[in-house]
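Novice: Before anything else, here's the structure in question.
The values are calculated or read from the model by the stated rules, or taken from the named source; none is laboratory data. Here the structure is a predicted model, which means the values were calculated and not measured. Here the Cβ positions follow ideal geometry from the backbone for every residue, glycine too, while neighbour counts run over all protein chains shown. Only protein heavy atoms, including side chains, enter the accessible area calculation; ligands, DNA and RNA are left aside. Shrake-Rupley method; radii C 1.70, N 1.55, O 1.52, S 1.80 Å.
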Amino acid sequence: MTPTPVRGRVLVCAGSDSGGGAGIQADIKAVTALGGYAMTAITTLTAQSTQGVLAIHPIPPSFVAQQMTVCLEDIGADVIKTGMLATAEVIENIGDVLEIYAKNIPLIIDPVMVAKDGTAMLEENAIQALRIHLMARATLITPNISEAGVLLGEEIEEIKTPGDLAVAARRLLEELPVGAVLLKGGHNPGKKILDVLVTRSGQTTFLSHPRIDSASTHGTGCTLAASVACGLAQGMGLEPAIRRAHDYVLTAIATAPGYGKGYGPLNHVHTVRPCVASPSVTLVGATGVEPAAPRM
């Protein structure tokens, strides 16, 4: 079988989730499952499970910048995606790297602010740094409704209709120097979930799908943004990349393995198919061939 070529280099700057459901781990899985190549600059380490975040250990900002720099100098990137950034210092360092190495590389910002258990994932003084150092570079931001309220500096009034959602998204586009906004409505109650994409060209696109009754929703935001980033890295347009990402995430929720006692992880690998080895390749163990004993 001829292997499928890897296409689309995505550099992810985000936190590590020890439970594997969100953050860097979800990003790597999503990009890989969609045929892209993932690189990482880890901003924070977390001790977390499906039940919550128990501890956060920040990475020195200069080391975050170094991780980015070595990837960009060597492998390069087609898209950069950010997730949990934690502090203003990390954001400033990322902005400095982007200025030197990635002025023309599309940037997707998932403004991770609060974990599902309520743990703060972004320091309060970092919100202004995010606006100053990264927003002007953003091709797309992907906030949920509560994150949109923080970015606007006020709580968004209750969203009852698609029009309300679109108005909130356009407010973000007016107040922030970003290329486009994908405002996620999944936190609203109802049998359907509605997101809206608004762009500088005046485009307004609604994306609706039935709500899946599942507790396996840990990392959906990270996964969606990483999937969009992968699509853009592979040469897709913004709307097609978002639509593919939606389909990917929906199936990942619907086929989730059900792990954990809280909000469980998605099935990121539902796109993966079994590979058939070439006849010229001997699989160790398949024909009784054992590896040679190590030399002492």
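Novice: Please indicate, with yes or no, whether at least one residue in region 104-127 is open to solvent by 60 Å² or more (accessible area, probe 1.4 Å), aliphatic (A, V, I, L, M), touching a helix residue (DSSP H, G or I) at 6+ places or on another chain (Cβ under 8 Å) and in contact (Cβ under 8 Å) with a residue 12 or more places away in the chain. Spell out the reasoning first.
Specialist: At the first step, the residues of region 104-127 found to be open to solvent by 60 Å² or more (accessible area, probe 1.4 Å) are 104, 114, 116-117, 120, 123-125.
Subsequent filtering for residues that are aliphatic (A, V, I, L, M) retains 114, 120.
Subset that is touching a helix residue (DSSP H, G or I) at 6+ places or on another chain (Cβ under 8 Å): 114.
Going one step further and asking which of them are in contact (Cβ under 8 Å) with a residue 12 or more places away in the chain, we end up with 114.
Taking every residue of region 104-127 in turn, at least one turns out to be open to solvent by 60 Å² or more (accessible area, probe 1.4 Å), aliphatic (A, V, I, L, M), touching a helix residue (DSSP H, G or I) at 6+ places or on another chain (Cβ under 8 Å) and in contact (Cβ under 8 Å) with a residue 12 or more places away in the chain.
Novice: Turning to a different aspect of this structure: Being open to solvent by less than 100 Å² (accessible area, probe 1.4 Å) and not in a helix (DSSP H, G or I) is the filter here; which residues of region 155-174 pass it?
Specialist: Correct list: Ile156, Ile159, Thr161.
Novice: Can you find a residue in region 58-77 that is part of a strand (DSSP E or B) and under 22 Å from His218 (Cβ atoms)?
Specialist: yes
Novice: Among (1) buried (at least 20 other Cβ atoms within 10 Å of the Cβ); (2) more than 30 Å from Glu154 (Cβ to Cβ); (3) of a type in the set (Val, Ile, Thr), which single condition is Val181 missing?
Specialist: Failing condition for Val181: (2).
Novice: Also, quick follow-up: Condition first: acidic (Asp, Glu) and open to solvent by 70 Å² or more (accessible area, probe 1.4 Å). Now tell me which residues in region 137-154 satisfy that.
Specialist: Glu154
Novice: Go through region 185-200 and count every residue that is surrounded by 16 or more Cβ atoms within 10 Å (Cβ to Cβ) and either touching a residue at least 60 places away in the same chain (Cβ under 8 Å) or within 17 Å of Glu157 (Cβ to Cβ) (or both).
Specialist: Going through region 185-200 one residue at a time, the tally reaches 4.
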